[in-house]
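What follows is a single structure, written as structure tokens, with notes after it.
Nothing in this text is a laboratory measurement; each read-out follows from the coordinates by a stated rule. Only a predicted model underlies this, so the values are computations on that prediction, with no experimental measurement involved. All Cβ positions, glycine included, derive from the backbone under ideal geometry; neighbour counts span all protein chains shown.
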Amino acid sequence: MQGVQLAELLAQTPPGVAETLEVVTGFDAALANGLARLGPRHTEALDALVGAVGASPLGEALAEASGKLATGSIGVTELSALAGARAALLGAVHDALVARLDGALGRSRSAWEESSADREPVPSNLLAGSRSWLQELAIAGWRGVDDALVSAADQVLEALWAEPRLRRLAVLLDGLAAELRASSPVATMEQVPERRWADLWTRAVLLAQSGSWTGGAATVSGRLLPLGVDVQEHGTAVQAQLHAVLEPKDGGPVRLVRVSVAAAKVDSILGPAVWKLLSEYPKLLAVLAKRRAIEVTDMALTEAGDLLWDEERAQPGEQTDPFATARVRLSDAAAPAVAPLDRHPVRIAEPVLVEGYRAKRDGTFDLNGEAIAVDLDRLPPSGPLTPQLVNASTACIGLLRWDAGRWTLQPLAVQSTVKKEPVEAHNGDWALGPTDPKVVKAQARSGDAVAVLTERAGRLLRK
């Protein structure tokens, strides 16, 4: 990534972004207070939301929903219209930012096409139960959440977890309920994370309409060249998302793709131990730890660029250098289309290579006079990448993100110099276990949390 490209990206926020986000912020404040208790300020915020989408296909439905809210009628239909309007505004912001990013990087991107394939029906009662709980949350508002309201989700969650086709919705609702339970009673909190909880609520409401927004998929074969892995942890789940370049076997255009695997977890499993939760993907973990290519055969690839991982259709290949891949292949790799539900600024995560910069003490990389903030808070404790290595680095493979009104860079791998010796560190280096002797000793002292919990679970099942 050259200085000129970075300067173009950072130079100016697309017009209308700030005003659109202000409308969303107003609605989020109304949701936090509770839609059953709308004051004059919150009514104005809803009017602004109606006005913002008035000329769109959502305009009529939202205007009708707003009128019913004013009379105290808060049904599932009205909430769906509100969630749809909020998602549409954030989707417009997303599109404006991605268009600027693609223009700055010279990156091509596929257009989203609706799939003609019939969606597999899911149990309507589970979706209805989810919508009912989300409706209660909206009526009470975040300030009205208490233990009783959070506990009302337990029965819904138990049923969702038993239905694999609704796993996405189950993970989302489980995470939201866990955050609310940890913060309950929310009325005592000094500051409520209005944007975050409204994002989760909106996504859940839309997922609860039909259970899936994934689009179509086609099978592909070819060589997968890893760039870096983003490890995302929550108290109840962990996900490893590999960003890679796919060279199709048929000689088609090179593509940017993602591979995501996840597992449920508990709070006591932390750091490098989370990799053990993904042990059912041994080939993928070996590829990450040993930095190898992957030969895939007839593996499903969604329109959104997600390769649906199947261990039986993957074969580890030769040793590769992710930095060489980034230097040679990133410039001509086509980015995938963005699924409708994923059109949100906070979900922008575009792989880039940045080098020739100077790391500064204020947490930025200076590249030919232009500075970009480095998000060190996203460094996972499950890998060897540390703030010290990042600050000593001269090359970085990372994800360009946009949050809180600015572009940031999330490191996935760096090349650094430590004690005059070249060092290279990647988030996935410890996928088969830590290689740092100090970390190995610390794990030995603290014990194997995964093994202990597995053994206890086995005892309970035997009883």
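Observations on the model:
- Theoretical ellipticity at 222 nm over the chain - DSSP helices of four or more residues, -39500 (n - 2.57) apiece, nearest 500: -13000 deg cm²/dmol
- For the peptides 433-443, 342-352, residues were scored by their other Cβ atoms within 10 Å and the scores averaged per peptide; the highest-first order is 342-352, 433-443.
- Put simply, the amide H of VAL423, placed in the peptide plane, has neighbours under 5 Å in SER416, THR417, VAL418, leaving out anything fewer than 5 places away on its chain.
- Measuring between alpha carbons in the structure, the pairs from LYS290/LYS420; LYS360/LYS438; LYS265/LYS360; LYS276/LYS360; LYS265/LYS290 lying more than 31 angstrom apart are LYS265/LYS360; LYS276/LYS360.
- Contact order normalised by residue count of the stretch 217-332, Cα under 8 Å, 6+ apart, percent: 31 percent
- Gyration tensor verdict on the stretch 214-320 (Cα atoms; rounded if a/c is under 1.5, prolate if a/b is larger than b/c, oblate otherwise): prolate
- A Cβ-based charge dipole, computed about the Cα centre of the chain with Lys and Arg at +1 and Asp and Glu at -1, lands at about 1200 debye.
- The stretch 283-335 and the stretch 393-422: distance between their alpha carbon centers, rounded to Å: 21 Å
- Packing, taken as the mean count of other beta carbons within 10 Å per residue, orders the peptides 249-256, 327-334 from highest to lowest as 327-334, 249-256.
- In Hz, Karplus ³J(HN,Hα) per residue of the stretch 137-149 (6.51, -1.76, 1.60; θ = phi - 60°; x = Gly, Pro): 4, 5, 5, 6, x, 4, 5, x, 6, 9, 4, 5, 5
- Gyration tensor (alpha-carbon) shape descriptor, the stretch 343-430, a/c threshold 1.5: oblate
- About the Cα centre, charge dipole magnitude for the stretch 268-348 (Lys/Arg +1, Asp/Glu -1 at Cβ), debye: 420 debye
- Charge dipole (the stretch 21-141, unit charges on Cβ, about Cα centre) - positive-most of GLY91, GLY59, GLY34: GLY34
- Scoring 205-211, 280-286, 189-195 by mean Cβ neighbours within 10 Å over their residues and listing the highest first yields 205-211, 280-286, 189-195.
- With Cα atoms, 0 to 90° folded angle of helix 17-33 axis to the chain main axis: 60 degrees
- Using alpha-carbon coordinates, inclination of helix 59-70 to the longest axis of the chain, degrees: 60 degrees
- Here's the picture: charge each Lys and Arg Cβ at +1 and each Asp and Glu Cβ at -1 in the chain, and of LEU301, ASN391, LEU21 the one pushed furthest to the positive end of that dipole is ASN391.
- Other-chain or far-sequence residues with amide H under 5 Å of ALA152's (modelled H): none
- Remark: LYS68, LYS420 ranked as LYS420, LYS68, counting other beta-carbon atoms within 10 Å and listing the fewest first.
- Taking the C-alpha atoms only, the angle from helix 76-105 to the longest principal axis of the chain is near 30 degrees.
- Three-way shape label, the stretch 290-440, alpha-carbon gyration tensor, a/c 1.5: oblate
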